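Reading through the structure tokens given below for one structure.
The values are calculated or read from the model by the stated rules, or taken from the named source; none is laboratory data. Note that this is a predicted model, so its numbers are computed, not measured. Quick reminder, even Gly has a Cβ in these numbers, built from the backbone with ideal geometry, and neighbours come from all protein chains shown. The protein model used for the area step is the full one, side chains on, heavy atoms only, and it has no ligands, DNA or RNA in it. Shrake-Rupley method; radii C 1.70, N 1.55, O 1.52, S 1.80 Å.
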Amino acid sequence: MEGESVKVLTAKVSPTTPTSSLTINETEDTEQPAIQWRGCGRFLLSAVLSAPLWGCGTHTASFAVEDGWSPVFLAWLCSVTSVLATILWCIITCGRGEQRNSWKLGPHSVTAVLVMKRILPICSLSLLARSLYFLALRSLCTSEAAALYSCNKAFCYLLSWTILRDQFLGTRVVAVICCMAGVVMMSYAERPEEEAQNGQILALSAAVVTAFNEVLFRLLIGRLNSQESAIFLGLCSICSSLFLWWIPLLIYLQQPIEVPELSAAPSMEYLSVTVILFFLFQFMEKIGVQFFPTSGVSLGIFLSVAVITAVDHRWEVPSTGKLMGILAIGIGTVLVIVPENWEEYLGLEFSEQFHQEDIPEETKSKSSLSAL
């Protein structure tokens, strides 16, 4: 019996087992996560494309407002022309030979009740935010207005954290603090004029309304694909043309009547270019969501500050307080859009000891007891 047991033990413990375990460990050690070049490339491409669209659109919008066009009418016209995105998407899908699905927005079917209860409030808030942003261009520098408006992502995080109960991350809190510090630096670093203060309030109000509109969109409608986003833009255009046309008309009638000269009539050049640029930006943000990530578009809005400064003919070196404020807002914007799995995009791999620092003490004690 003892001889048989010895034979069994020698049969179980083969000399090939340690070599196989070593080869498995070697392959596990050599395998490292690769950098997701495609995701990083899409992120950078969306930031590079959205920055000139938003920056040049803001630049031409300031000239259109100075030329005599009403900011509310300009915002309403941008909302009405969003139906061109739907037409362009239908042309693209028909050219590819793709079949269109039923008219739905996520799980919701497109009905008159859906348009009145869900789409009309979102369209109204979008019109309000764009109007406030264009109004801020009357009394504020375009680069400062774009920098203050880029804080909308931080405000969106705060609202989604409180309303939608999204996941809490420490970096987001630091991002919000940086954005708020940047706003304070830009507002109180020097003694601006009363007109500039009104412009800063309007730009921040536009950022807050945009953030609330985004949270409301996620709450009422949810996440949409490219085809559903095209349908949504078309419905927003219909709502603006049918139900919100009286807003720019009422504001125009309340203005004092002036008889302008023929040479002082507002031109159509800045108006047309502004509408086209904001249409392209909206097409890339909404319909191109499958290829262009929204985080890259948010970064592009902040990078538009550099584009506006480059194309501005009244280029001046900003003060130290404004530079520090814009830098703080930029740091906050970057921290807000950083994804949770950012190490996977960069192909980084941390040790288990590093990951165990975030594990609560209770789970650590349970695991140690189970090991014992």
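Checking segment 296-305 against the condition returns a match, with at least one residue being open to solvent by 30 Å² or more (accessible area, probe 1.4 Å) and modelled with pLDDT of 90 or more. Filter segment 306-325 down to residues that are among the β-branched types (Val, Ile, Thr) and in a helix (DSSP H, G or I) and give me whichever is modelled with the lowest pLDDT. Of everything passing the filter in segment 306-325, Thr320 is modelled with the lowest pLDDT. For the residues Ser187, Ser126, Ser131, the requirement of being more than 18 Å from Leu216 (Cα to Cα), modelled with pLDDT of 85 or more and touching a helix residue (DSSP H, G or I) at 6+ places or on another chain (Cβ under 8 Å) singles out Ser131.
Annotation note: of Val208, Val173, the sole residue that is closer than 17 Å to Leu335 by Cα and open to solvent by 40 Å² or more (accessible area, probe 1.4 Å) is Val173. Just wondering, is there one or more residues in segment 120-139 that are outside any helix (DSSP H, G or I), touching a residue at least 12 places away in the same chain (Cβ under 8 Å) and either among the basic types (Lys, Arg) or on the phi < 0 side of the Ramachandran plot (or both)? Checked against the condition, which is being outside any helix (DSSP H, G or I), touching a residue at least 12 places away in the same chain (Cβ under 8 Å) and either among the basic types (Lys, Arg) or on the phi < 0 side of the Ramachandran plot (or both), segment 120-139 yields no hits at all. For the condition modelled with pLDDT under 75 and acidic (Asp, Glu), what is the one hit in Glu66, Glu28? Sole residue among the options that is modelled with pLDDT under 75 and acidic (Asp, Glu): Glu28.
Of the residues making up segment 149-168, those that are within 13 Å of the chain's Cα centre (by Cα) and outside any loop (DSSP other than H, G, I, E, B) number 7.
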